[in-house]
Amino acid sequence: MTMTPGKKRLRFDRTEVSTEADGRCRVNVTLTLGQLIFTAGGVANSDGNGPLKAAALATLEAVQAASANRFSCTLSDLDHVKALGKDLIAVLVDIRFQGRDVQVFGSCQVGGSAIDCTVKAALNATNRMFELAVRE
């Protein structure tokens, strides 16, 4: 899909990981859309895929905010998998848009931080719906 001139894309800026008082993991995600900045946080268990789940939850919240809540998205599933010889983060996202429910898939090959990769997988899952939702 070609973006129209002047149309801006939602971009991943950074993640910040911290530990909550109860020991759970908090991930804050910052996305940008042109000059606008959207930051959201997600909290999950500190073990296993918990930090990845926190990153995905934060990303989906930021994407929704960036779309001015024109659609809603919730994390259905997340996994750190090996497929076709690649190390991947895969996410399944439930989206509600204009009265319809759809489920979308996104993935990202791990090549550094698994948390950053999770953010990119969630963006990969939602980018088409985001572009539809913000069309004028």
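Select from segment 85-136 the residues that are free of Cβ contacts under 8 Å to residues at least 40 places away in the same chain and of a type in the set (Phe, Trp, Tyr) and write down the one among them that is surrounded by the fewest Cβ atoms within 10 Å (Cβ to Cβ). Selected residue: 105.
Filter segment 107-123 for residues that are more than 13 Å from residue 73 (Cα to Cα) and within 9 Å of the chain's Cα centre (by Cα) and give the result.
At the first step, the residues of segment 107-123 found to be more than 13 Å from residue 73 (Cα to Cα) are 107-121.
118, 119, 120, 121, listed by residue number.
Report yes if some residue within segment 81-89 is at negative phi, under 13 Å from the mean Cα position of the chain (by Cα) and of a type outside the set (A, V, I, L, M); otherwise report no. Break it down stepwise before answering.
Of the residues in segment 81-89, the ones at negative phi are 81-83, 86-89.
The next check asks that each one be under 13 Å from the mean Cα position of the chain (by Cα); those that pass are 89.
Among the residues that remain, those that are also of a type outside the set (A, V, I, L, M) are: none.
No: segment 81-89 contains no residue that is at negative phi, under 13 Å from the mean Cα position of the chain (by Cα) and of a type outside the set (A, V, I, L, M).
Among the conditions (1) closer than 18 Å to residue 111 by Cβ; (2) touching a residue at least 60 places away in the same chain (Cβ under 8 Å), the only one that residue 27 does not satisfy is (1). The strands (runs of 3 or more DSSP E) found entirely in segment 29-110 that carry 1 or more residues being within 18 Å of residue 135 (Cβ to Cβ) and of a type in the set (Gly, Ala, Ser) are 72-83. Scanning segment 1-32 for residues that are at pLDDT below 95 and surrounded by 18 or more Cβ atoms within 10 Å (Cβ to Cβ) turns up just one, 10.
Within segment 50-105, the only residue that satisfies the criterion of being of a type in the set (Lys, Arg) and out of contact with any strand residue (DSSP E or B) (no Cβ under 9 Å at 6 or more places or on another chain) is 100. Going by what's in this entry, would residue 38 be described as over 18 Å from residue 11 (Cα atoms), surrounded by fewer than 21 Cβ atoms within 10 Å (Cβ to Cβ) and among the aromatic types (Phe, Trp, Tyr)? Spelling it out, it is not the case that residue 38 is over 18 Å from residue 11 (Cα atoms), surrounded by fewer than 21 Cβ atoms within 10 Å (Cβ to Cβ) and among the aromatic types (Phe, Trp, Tyr).
Return yes or no: is residue 54 surrounded by 18 or more Cβ atoms within 10 Å (Cβ to Cβ) and either touching a Gly at 6+ places or on another chain (Cβ under 9 Å) or β-branched (Val, Ile, Thr) (or both)? Criteria met by residue 54. Kindly establish whether residue 59 is within 11 Å of the chain's Cα centre (by Cα), buried (at least 17 other Cβ atoms within 10 Å of the Cβ) and not aliphatic (A, V, I, L, M). Considered against the rule, which asks whether it is within 11 Å of the chain's Cα centre (by Cα), buried (at least 17 other Cβ atoms within 10 Å of the Cβ) and not aliphatic (A, V, I, L, M), residue 59 comes out as yes.
The values are calculated or read from the model by the stated rules, or taken from the named source; none is laboratory data. Remember, predicted model here, so these are calculated numbers, not experimental data. Neighbour counts run over all protein chains shown; Cβ positions are idealised from the backbone, glycine included.
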